[in-house]
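Q: Shown below is the structure under consideration.
The values are calculated or read from the model by the stated rules, or taken from the named source; none is laboratory data. All values reported here derive from a predicted model rather than from experimental measurement. Here the Cβ positions follow ideal geometry from the backbone for every residue, glycine too, while neighbour counts run over all protein chains shown. The area values use the complete protein model at the heavy-atom level, side chains included, leaving out ligands, DNA and RNA. Shrake-Rupley method; radii C 1.70, N 1.55, O 1.52, S 1.80 Å.
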Amino acid sequence: MKRKRVVVLGATGSIGESALKVARDIPERMEIVGMAANRNAEKLAAAANKVRPEAVCLIDETKVDILRRALEYEPKIFVGETGLREIACLANADMVLVAIVGTGGLRPALAAIEAGKDLAVASKEILVMAGEAVTEAARKRGVKILPVDSEHNAIFQCLDGRVSEVRRIILTASGGPFRKTSAKEFVDLTPEQALKHPTWNMGPKITIDSATLFNKGLEMIEAHWLFGVEMKRVEVVIHPQSIVHSMVEFADGSTLAQLSYSDMCFPIQYAVTWPERVPNTLPPLDFRKLSKLEFEVPRYDDFPALNLARRAGETGGTLPAVMNAANEIAVAAFLDRQVKFPRIWQTVEEVMDRHTSVAHPDLDAILAADQWAREEARHLIGG
Ligand code: NDP
């Protein structure tokens, strides 16, 4: 199979760095032809100087001079939101890896689909907000959406296209740093404590989402859209070791699971090389060192994010976008020490309660609901 030419949106982030590592590990199968970041001009330039993609993009126009000065060659430079959509449609690219934190990946993802590029999706927010619009656009244009989130990549591997035979999709969750913390202590938890994830090394937003379990809630909705499985068939189990990345239970009661160490290079590589598997330098599991694999029922009452996400996913329409946007604002406020830890899900719930969901929303309705939820959340937080 030929080498895949990939544009990485979010190249300076945690997923972006892993993607660069995969490209170094399997250069005969993956070439990075475009790299985009938000405002970290120095880091983008340093990475581009090593990888030499034909195009780079920076959202923050005020930092473009820093980028130009730091580049040691002359790639095409795209700038701003328009530039992000342009680099997502780069003529020479086969695939766009969307690894932008937050909702900024939605428009470039839709642009890439329109341009006929396959999508590798790490940014779960875009499927939560606009799952119907994104999957429908991909179906119409005949492009593939390959999941990079480790759980969905695991499900994708186990499913192997046999969706009609599925009884349950079982998403595994590490449980985050507060798996064993009493709910009474939640009010005193600090951002530093919440940022210490026990098994994964990720960006700050998703790490806080792992602590509240909103990450798993977002993933339930993501799974519903990616695989076309009803919300009631999507379940969550706590698995503290993060070795089993998720499971699929089929109609005959057999369950398939995917296992590997917790390194995002595994799912990124599979999304790029699918349907093939190729050798790499990642460590295989050493079963002599794995002492145990544990599974627990989530503490639904103490971590309301899972029930809020189920409600959002089952209601559908604009409610998932509202939940996602309110959560983003509340997480940022928690990281800024404006609110206490439990205020994250309380804010989300209050904003969801105030929203009247619009069914089958188009992009404008989704973005309007997203904006409305941000303002409501800011108002509730008092910022
Ligand atoms: P990081 O915070 O580490 O990186 C975010 C990246 O997105 C940076 O490159 C940043 O650029 C860029 N960015 C931020 N805002 C914008 C914007 N508006 N437009 C363009 N680029 C932007 O995040 P992660 O890598 O942890 O996460 C990225 C996505 O992947 C998230 O949706 C997350 O949920 C998902 N994901 C992450 C996993 C992980 O292991 N990290 C696992 C599974 C999913 P700059 O550096 O310039 O700010």
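Q: Per residue, how much accessible surface does the chain expose to a 1.4 Å probe? Answer in Å², no decimals.
A: 43 Å²
Q: With a cut-off of 18 Å, note down the residues of region 107-150 whose backbone N falls inside the zone around a label point 7 Å from the Cα of A359 toward its beta carbon.
A: Counting only backbone N, you get 131-133.
Q: While we're on this one: Quote the charge dipole size of the chain about the Cα centre in Debye, to the nearest 20; the model charges only the Cβ of Lys and Arg (+1) and of Asp and Glu (-1).
A: Roughly 760 debye, rounded to the nearest 20.
Q: Any chance you could check the Cα centroid distance between region 192-252 and region 295-346 for me, in angstrom?
A: Between the Cα centres of region 192-252 and region 295-346 lies a distance of 13 Å.
Q: Once you've got the GNM for the chain with C-alpha springs shorter than 10 Å, pick whichever of S242, S164, S260 has the biggest mean-square fluctuation.
A: S164
Q: Now a separate question. Running a GNM on the chain with Cα contacts under 10 Å, which residue among K124, K63, K289 ends up with the highest mean-square fluctuation?
A: Comparing K124, K63, K289 in a Gaussian network model of the chain, the most mobile one is K289.
Q: If I ignore ligands, DNA and RNA and count only protein heavy atoms, how much of V358 is accessible to a 1.4 Å probe, in Å² to the nearest 10?
A: Result for V358: roughly 70 Å² accessible.
Q: Here's something else I'd like to know. Using only the alpha carbons, work out the radius of gyration and Dmax of region 287-371 in angstrom.
A: Every Cα atom of region 287-371 included, Rg and Dmax give 16.4, 53 Å.
Q: Determine the relative contact order of the chain: mean sequence separation of Cα pairs under 8 Å and six or more apart, normalised by residue count, in whole percent. Present the calculation step by step, with values, prior to reporting the outcome.
A: Values: 724 pairs, mean separation 56.7, N = 383.
Reported as a whole number, the value is 15 percent.
Q: How large is the helix-only mean residue ellipticity at 222 nm for the chain, computed as the sum of -39500 (n - 2.57) over DSSP H runs with n ≥ 4, divided by its residue count, in deg cm²/dmol to the nearest 500?
A: Roughly -13500 deg cm²/dmol at 222 nm, from the helical runs in the chain.
Q: Given a 1.4 angstrom probe, I'd like the percentage of the accessible area of region 241-372 that is carbon and sulfur, rounded to a whole number.
A: Numbers: 3340 of 6310 Å².
On region 241-372, the fraction of accessible area on carbon and sulfur atoms equals 53 percent.
Q: Turning to a different aspect of this structure: Who wins for biggest fluctuation among R24, R354, R141 in a Gaussian network model of the chain, springs between alpha carbons below 10 Å?
A: It is R354.
Q: Over the chain, what portion of Cα pair distances is larger than 36 Å, expressed as a whole percent?
A: Roughly 19 percent, once rounded to a whole number.
Q: Placing one identical point scatterer on every Cα of region 216-362 and ignoring solvent, what is log10 I(q)/I(0) from the Debye formula at q = 0.09, 0.11 Å⁻¹?
A: Relative scattering, expressed as log10 I(q)/I(0), comes to -0.39, -0.58.
Q: While we're looking at this one, here's another question. So which aspartates and glutamates pass the test for K76, namely a Cα distance under 13 Å, with those fewer than 8 places away in the same chain ruled out?
A: Output for K76: E54, E86.
Q: Another question, if that's okay. For region 187-336, what number of Lys pairs, 8 or more residues apart or on separate chains, have alpha-carbon atoms under 21 Å from each other?
A: Qualifying lysine pairs in region 187-336: 4.
Q: Let me ask something else. Per the Kirkwood treatment, what hydrodynamic radius in Å, one decimal, follows for region 174-247 from the mean inverse distance over all distinct Cα pairs?
A: 13.3 Å
Q: Compute the relative contact order of region 162-319 as a whole-number percentage, counting only Cα pairs closer than 8 Å that sit 6 or more residues apart in sequence.
A: 31 percent
Q: Under 18 Å from the Cα of K50, which aspartates and glutamates turn up, not counting those fewer than eight places away in the same chain?
A: E17, D25, E28, E31, E42, E72, E74
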